[in-house]
Amino acid sequence: VEAALASRVAPRAHCPAKLQEAMAYSLMAGGKRLRPVLALIACETVGGNRSAALPAACAVEMIHTYSLIHDDLPAMDDDDFRRGRPTNHKVFGEALAILAGDGLLTLAFEVLTEIRPGETAAACVAELARASGMIGMVAGQVADLEAEHQPDLTLSQLEAVHRRKTGCLLTSSLVMGGLCGGAGSAERSALEIYGR
């Protein structure tokens, strides 16, 4: 996973060097890589070769990393450190941190187009877009921001935040891994249930 991620944020022609550096700074900062591992394991579990799920594994980690960059910004959590070192905006400034997050977000969907066959790539694009978008992770972040001003947050409200902000990407990792491994509908459904 590390080598695959590094190759996808390596310097490219026409990409500003500072943008590439900011994207790689956060993406290559380490972490558990839980989401990519789940994608690879799900692929193997349904009988596929885990290398088939490597683009999905990279894409979901890029989405996760972009969300952390944006979450750390002063407008949200205003964090100074992430994974034991200064946050992206502390090193590169707020504007470039936003653009680094945007770059990882869009690169994730570009990476998914490497998946074959094309129908599987399209299914993974749809899955990751749903999980990371306005009814998934982004919705969870909105709910998290709103919860900061609710002193009497209920357990069900907290669970709803976590289900969208964190749970959607964990589930999506498993579903995309299954798709890459050729999972049938029953297997995909089981992976989705397990993810939730």
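Of note:
- The single condition among (1) in a helix (DSSP H, G or I); (2) under 29 Å from E21 (Cβ atoms); (3) in contact (Cβ under 8 Å) with a residue 40 or more places away in the chain that A123 does not satisfy is (2).
- Selected residue (criterion: nearest to V161 (Cα to Cα)) from residues of the stretch 104-134 that are among the small types (G, A, S) and open to solvent by 30 Å² or more (accessible area, probe 1.4 Å): A129
- Within the stretch 105-120, considering residues that are assigned to a helix (DSSP H, G or I) and touching a residue at least 40 places away in the same chain (Cβ under 8 Å), the one nearest to C180 (Cα to Cα): T120
- Number of the condition not met by G30 [criteria: (1) out of contact with any Ser or Thr (no Cβ under 7 Å at 6 or more places or on another chain); (2) part of a helix (DSSP H, G or I); (3) under 22 Å from T166 (Cα atoms)]: (2)
- Number of positions in the stretch 129-157 that are aliphatic (A, V, I, L, M), at pLDDT 90 or above and more than 22 Å from L73 (Cβ to Cβ): 3
- Considering residues of the stretch 139-196 that are hydroxyl-bearing (S, T, Y) and part of a helix (DSSP H, G or I) only, the residue most open to solvent (accessible area, probe 1.4 Å): Y194
- Within the stretch 1-25, being closer than 17 Å to L105 by Cα, out of contact with any Phe, Trp or Tyr (no Cβ under 8 Å at 6 or more places or on another chain) and part of a helix (DSSP H, G or I) holds for A4, L5, A6, S7, R8, L19, Q20, M23, A24.
- Search result, residues across the stretch 68-96 that are outside any helix (DSSP H, G or I) and surrounded by 22 or more Cβ atoms within 10 Å (Cβ to Cβ): D72, T87
- Some residue of the stretch 51-67 being outside any helix (DSSP H, G or I) and open to solvent by 50 Å² or more (accessible area, probe 1.4 Å): no
The values are calculated or read from the model by the stated rules, or taken from the named source; none is laboratory data. Predicted, not measured: the structure shown is a model, and the values here were computed from it. Positions of Cβ are backbone-derived with ideal geometry, glycine not excepted, and every protein chain shown enters the neighbour counts. We work out accessible area using only protein heavy atoms, side chains counted, and drop any ligands, DNA or RNA first. Shrake-Rupley method; radii C 1.70, N 1.55, O 1.52, S 1.80 Å.
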